Amino acid sequence: MPMKHPLTITKLKTMKQSGEPISMLTAYDYPSAKLAEEAGIDVILVGDSLGNVVLGYDTTIPVTLDDMVYHTKAVARGAAHTFIVADMPFATYRIGKEATLRNAARLMQEGGAQAVKMEGGADIAEEVSALVRAGIPVLGHIGLTPQSVHQLGGYRVQGKQEREAQSLIEDAQALEAAGAFGIVLELVTEPLAEAVTSKLSIPTIGIGAGRGCDGQVLVFHDLLQYASPYREKRFVKTYADLGTTIRGAIGAYVGDVKSRAFPEQKHAFPMEQELVQRLYGGGGERDGGPDSASSVVKGGDRS
Ligand code: KIV
């Protein structure tokens, strides 16, 4: 596969201007990042959805900066040629510019991200511009902002009322003015997402925001139904059913172990028959003779 050059924030803006849609997917570890890169994704987001889909929390609120740094490092190892954005988790910003800067810097210096994402609009504009001035590219995130789920009263579509829709547009413009290189629009009506997209010169990346955004983002585990139990979401298109495949495969393995159908002779490592005789005496044979499982050197060659 030819070596890919990671995108830059300039290229992302050019993609908006030329009408080339931006593909973004979350990833949280080495294999998911590597597979996403091999599949040609434009941008990987190490989302704090980590909390829901990997760590088993009900919300993203318990996710810590250390969690994000740890997982961003793994993603960066798996996708060295892809533009990586890491989420600033709950309460690691909105706490003053200096602390915000220190926290964002960790995601880049230790984690290896090229940019950070922050939830909020006009209310975080000052922090966004402080990061941008310090050389930290920021992706905004408005609409449904899961870190504020308790304040929003649940995971519901945003911008359905006139005032709400107007303030969402103002938030987007404030983020652009603060220097954000793009904005995630989550769970907003399609006409509102189109309006925001047309008013900005920076790209919008939608999730549950319809067809009019400059790009789309999905959560890795939603795209692949890699969860148990899997919960259908209207805005997700699933491209594979890994949950069913994995459960079936593990069930088959359990069955094979219980029935002794696994391991077979071909999975075991033989030992010279003469040595078996000398060490252990007797026939040293079981079912298949000298190559049988009873002649395996424990802890030996695993290849
Ligand atoms: O954390 C996340 O995965 C996100 C996406 C839903 C945009 O913020």
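With respect to Thr26, determine if the residue is within 16 Å of the ligand (Cβ to nearest atom), in contact with a Gly (Cβ under 6 Å, 6 or more places away or on another chain), in contact (Cβ under 8 Å) with a residue 12 or more places away in the chain and not small (Gly, Ala, Ser).
Numbers: within 16 Å of the ligand (Cβ to nearest atom): yes; in contact with a Gly (Cβ under 6 Å, 6 or more places away or on another chain): yes; in contact (Cβ under 8 Å) with a residue 12 or more places away in the chain: yes; not small (Gly, Ala, Ser): yes.
Against the criterion (within 16 Å of the ligand (Cβ to nearest atom), in contact with a Gly (Cβ under 6 Å, 6 or more places away or on another chain), in contact (Cβ under 8 Å) with a residue 12 or more places away in the chain and not small (Gly, Ala, Ser)), Thr26 qualifies.
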- Task: Please work out if Leu139 is surrounded by 16 or more Cβ atoms within 10 Å (Cβ to Cβ), of a type in the set (A, V, I, L, M, F, W, C) and within 16 Å of the ligand (Cβ to nearest atom).
- Result: yes
- So is Val116 surrounded by fewer than 16 Cβ atoms within 10 Å (Cβ to Cβ), under 21 Å from Pro6 (Cβ atoms) and among the hydrophobic types (A, V, I, L, M, F, W, C) or not? no
- A careful count of residues in the range 214-247 that are away from the ligand (no atom under 16 Å from the Cβ), open to solvent by 40 Å² or more (accessible area, probe 1.4 Å) and either in contact (Cβ under 8 Å) with a residue 12 or more places away in the chain or assigned to a strand (DSSP E or B) (or both) gives 8
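Table: residues versus (1) within 15 Å of the ligand (Cβ to nearest atom); (2) within 25 Å of Ser228 (Cβ to Cβ); (3) crowded, with 21+ Cβ neighbours inside 10 Å.
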position: Val54; (1), (2), (3): yes, yes, no
position: Tyr57; (1), (2), (3): yes, yes, no
position: Pro62; (1), (2), (3): yes, yes, no
position: Val85; (1), (2), (3): yes, no, yes
position: Tyr93; (1), (2), (3): yes, no, yes
position: Gly96; (1), (2), (3): no, no, no
position: Ala99; (1), (2), (3): no, no, no
- Message: Going residue by residue through the range 4-21, is there one that turns out to be at pLDDT 95 or above, touching a Cys at 6+ places or on another chain (Cβ under 9 Å) and surrounded by 13 or more Cβ atoms within 10 Å (Cβ to Cβ)?
- Response: yes
- The residue that is surrounded by the fewest Cβ atoms within 10 Å (Cβ to Cβ), considering only those in the range 181-213 that are within 21 Å of the chain's Cα centre (by Cα) and more than 14 Å from the ligand (Cβ to nearest atom), is Gly210
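The values are calculated or read from the model by the stated rules, or taken from the named source; none is laboratory data. Every value quoted in this text rests on a predicted model; they were computed, and no experiment measured them. Note: ideal-geometry Cβ built from the backbone for every residue, glycine included; neighbour counts use all protein chains shown. The accessibility values were calculated without ligands, DNA or RNA, using every heavy atom of the protein model including side chains. Shrake-Rupley method; radii C 1.70, N 1.55, O 1.52, S 1.80 Å.
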